[in-house]
Structure formats: structure tokens, C-alpha cells
Amino acid sequence: MERLYIDLGEASYFINIKGGLLKNLTDYINGADQYIIITDTNVDNIYSYEIAEALKDNLYHKYIIPSGEASKNYNEAMKILSFMIEKNSTRKTTIIALGGGVVGDIAGFCASIFMRGVGFIQVPTTLLAQVDSSVGGKTAVNLPMGKNLIGTFYQPSTVIIDTELLRSLSRKEIISGIGEIVKYGVVYDYSFLKFIKENLSQIIALEPLTITYVIKKCCQIKAEVVSRDERELRFRKILNYGHTIGHAIEAITDYKKYTHGEAVLCGMYLEAMLSMELELLDKCYYQEILNIIQDSYGEVKLSDISREKLIEALAKDKKNVGGKISFILPTTYAKVTEVLLSKKEVEGLLLQILG
Ligand code: NAD
Ligand code: ZN
């Protein structure tokens, strides 16, 4: 088994990675008085038996949210908290998030506010959640006015990554995870980016040794970045590459057409072009970035993206500073820089890129 330590002082924890860990869940949980499992309808349909087997000797209650981004909202969080009151949860309760990033984000949010904070364990079931959202302690729910508008920083006590759970994912969800994997390579580790390029088909096929290595590497990078800057005051921002335009693409398509990772792949593509227009990006690196995005995602159809709607959504980005839009742009091998641009400047640049 692969075991990683994420060093955050008092909030430090282990990330355990191996196929089959769900079966042995009780070896990794922490003797709480009661467990609240939060999962979604898809995951429960597939793994209901395994969950019951894994927890059969413990007092637990299961709360199932409808699958999909629409469930990650404030009202659903209030329903989870009411359910916990109904089940007599106390400060000695531990919440277990068994699902993708949607479940992880809302479960973590509830864990952080129920009675000022209860135990929290992440058991991520999508590739995106295993390489990214289950590590680092960002929790969130959406409001009608926008995504992730309410949230906390709250670290789990452990992360249990069972790579066998990935086998039931659709190809679209696997590619979504690859979006974040490529991001780590571009912003932090060029030799990892080359590894991804050379092993892309094995990664997509979830070949056990390759996928375990990739998940470990991504968690290691995320752990290093988060240990340096847990609250995203500076350094952690590097992980936002592809996300300014990615979030705008998700928003203008109502979070339906693109998965988060697909939107990030398209966002990284356009932001690399933006960096090139600004003459910030090394030309060879630019071509490598575009190639690996196309190899994983397919052709990014720029004609599908409306410039006007994109600009409208970018102007509402919650990372905006003093009316300027913040972009993390690649410059050269494993290096990025933050650039703040006015709406007008972005309009001009997008006109060059999208026409
Ligand atoms: P998701 O949780 O919606 O899961 C995607 C789909 O896969 C869902 O339909 C789900 O039911 C299904 N699914 C989950 N596990 C499965 C399995 N093993 N087999 C078959 N189907 C399965 O989406 P996601 O891509 O995992 O996460 C996206 C969310 O994560 C977004 O809300 C995003 O904002 C958030 N996010 C958070 C962070 C963070 O640091 N907290 C980082 C990145 C993304
Ligand atoms: Zn992301």
C-alpha cells in the first residue's frame, strides 16, 4: 500500500492508496461513537452492499444525496445537519464522505460546522476526487448566485483511496480526472507531465500500477502545495491554472455539458493561448501543453464557446481583485505566474483567440 503524510501541524493526516481498501474500512477509521456515511445515489446503487459489509460492526447511518452538482447546495447541507440531529449525532460522531467531489465538498462542509466540527474521513470514488478534491481541506456548497460561495477550510482526519472503485466510472468521468492530473504536471512537475504523455492510454485504462503511481504523485504534489499555503494566500493559487476560464465555461453551460475536469481541460487550453498572446509563454512548452490536452480530451472546439458569455461569467469570478480578473498562466516548464487583467484587456485577448 502507498501511504503519504500531509504535514499541516495539528491538522496533519495520512492518505492511504490501494485497491480494495473499502472492504477494510474499519482498519482506518477512528473509533467514533457513531458514523454518518454521506454518499450519492449512483455510488450507493453500485456499492451499497460493500458499504454495509464494511461498516457492519459499527453504529452508522447513511444519508444519500441525488447524484450531480445540483445537490451541492446549502439546503441539502441543512438537510444533512438536521438528519444528524435526528440520529442523535454528537461531537464524537465522524462523517465519512463516500463519493466524488460533490459528496466530499458537502460532507466536509457539514463536518466542519456540525457542533463546531466533527471527525471527517474522505473515501473518494471518482478519479478527480482521488487526485484532487479529497486532499487539501477545501469544503463548499453552492448558492443560487454562484458556485462554492460558502465554504470552509477543514482537513479530513484521513483519506482512504480505493483504486478499485474507479472501475465503475464512465470514460467521461475518467477524462475529467485527467484534467486535474495534467494540471499538476503543467504547473509543478515537468517530468510528471512527460510521464502522463507517455502513459496516457494506460492511465485512461486504469492500469493498476500506473494509476496508483499517478494518484500518489498528484496527492504528493497537492500535499506539498497545501503544506506551504493551506489557505490559498499565495502559492496554492498555482493550482488554479485552467480554472478561471474553466469555471466560466461550467457556469455558462449550467454545469451540465462539461464535467469539472473537462471544463478545466478547455480552460487550460484557452489560458495557454492567452499566455501566448501576452508573450509570456515559451513556444515549445505551449505546443506541448496544447498537444497533451488534445490527446486526453480530443479537439477543443473554440466555436462552441461564446466570447460574450465567457466575458460576462469571468467578470463575476470570485477570485477577481479590484475589478480585475485573475489568471494563473504557464510561462515555461513547470512555472506559472498570476496575471490580473481588466475586463477590456480580456475582451481584446479573447477576440484574438476566439474571433
Ligand atoms: P461528482 O461527485 O459529481 O461525480 C461525478 C459522477 O460520478 C456523479 O454522477 C457520481 O454519482 C458518479 N460516481 C462517483 N463515483 C463513482 C464510481 N466509483 N462509479 C461510478 N460512478 C461514480 O463529480 P467529481 O468530478 O468527482 O467532483 C466535482 C466536484 O468537486 C465539483 O463540485 C467541484 O467544485 C469539486 N471540487 C472540489 C475541489 C476541492 O478542493 N474541494 C477540487 C476540485 C473539484
Ligand atoms: Zn479543479
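Just so it is clear, none of the values below were taken in a lab; they were calculated from the coordinates. In this text, all values refer to a predicted model and were calculated from it rather than measured experimentally. All Cβ positions, glycine included, derive from the backbone under ideal geometry; neighbour counts span all protein chains shown.
Other residues whose C-beta falls under 13 angstrom from the C-beta of Asp33 contribute a net charge of +3, scoring Lys and Arg +1 and Asp and Glu -1. Against the longest principal axis of the chain, how steep is helix 101-113, in degrees 0 to 90 to the nearest 10, with axes from Cα atoms? Roughly 60 degrees, rounded to the nearest 10.
With R₀ fixed at 41 Å, the C-beta to C-beta distance from Arg307 to Asp57 puts the FRET efficiency at about 0.10.
A crude spin-label estimate for the pair Arg116 and Asp254, with each label 7 Å from Cα along the Cβ direction, gives 4.3 nm. Positive contributions from Lys and Arg (+1) and negative ones from Asp and Glu (-1), summed over other residues with Cβ under 15 Å from the Cβ of Glu86, come out at +3. Among the trypsin sites (Lys or Arg not before Pro) in segment 296-350, those placed in a DSSP loop whose Cβ has at most 10 other Cβ atoms within 10 Å are Lys301, Lys318. Cα gyration tensor of segment 1-155, axes a ≥ b ≥ c as square roots of the eigenvalues: rounded (a/c below 1.5), prolate (a/b > b/c) or oblate? Taking the square roots of the gyration eigenvalues as a ≥ b ≥ c, segment 1-155 is rounded.
Report summary: the helix-based calculation at 222 nm, which adds -39500 (n - 2.57) for every DSSP H run with n ≥ 4 and divides by the residues of the chain, gives -14000 deg cm²/dmol.
Sequence-ordered 3J(HN,Hα) estimates for segment 11-17 from the Karplus curve with 6.51, -1.76 and 1.60 and θ = phi - 60° stand at 9, 5, 7, 9, 10, 10, 10 Hz, glycine and proline given as x.
Here the Karplus curve 6.51 cos²θ - 1.76 cosθ + 1.60, taken at θ = phi - 60°, turns the phi angles of segment 123-139 into couplings of 10, x, 10, 9, 5, 4, 6, 6, 9, 9, 5, 7, 10, x, x, 7, 10 Hz, with x standing for Gly and Pro.
Separation of the alpha carbons by more than 22 angstrom is noted, of Lys147/Lys309; Lys309/Lys343; Lys194/Lys283; Lys79/Lys222; Lys23/Lys197, for Lys79/Lys222; Lys23/Lys197.
Placing +1 on the Cβ of every Lys and Arg and -1 on the Cβ of every Asp and Glu, with nothing else charged, gives segment 266-355 a dipole about its Cα centre of roughly 360 debye. About its Cα centre, the dipole of the chain is roughly 580 debye, where the only charges are +1 on Lys and Arg Cβ and -1 on Asp and Glu Cβ. Classify segment 226-305 as rounded, prolate or oblate, taking a ≥ b ≥ c as the square roots of the eigenvalues of its Cα gyration tensor: rounded when a/c is under 1.5, otherwise prolate if a/b is larger than b/c and oblate if not. Note, shape of segment 226-305 comes out oblate. Label-to-label distance, Lys197 versus Ser48, with points set 7 angstrom from Cα along the beta-carbon direction: 4.7 nm.
Peptides 97-106, 18-27 ranked from most to least packed, by the mean per-residue count of other Cβ atoms within 10 Å: 97-106, 18-27. Look at the dipole of segment 231-312 built from charges on Cβ: of Ile252, Asn240, Tyr269, the Cα furthest out on the positive end belongs to Asn240. Please work out whether segment 153-309 counts as rounded, prolate or oblate from its C-alpha gyration tensor, where a ≥ b ≥ c are the square roots of the eigenvalues and a/c under 1.5 means rounded, while otherwise a/b larger than b/c means prolate and anything else oblate? Because its axes are fairly even, with a/c under 1.5, segment 153-309 counts as rounded. The simple spin-label model puts a point 7 Å past each Cα toward its Cβ; for Lys79 and Glu338 those points are separated by 3.7 nm. The charge dipole of segment 86-205, taken about the Cα centre with unit charges on the Cβ atoms of Lys, Arg (+1) and Asp, Glu (-1), comes to about 220 debye, rounded to the nearest 20.
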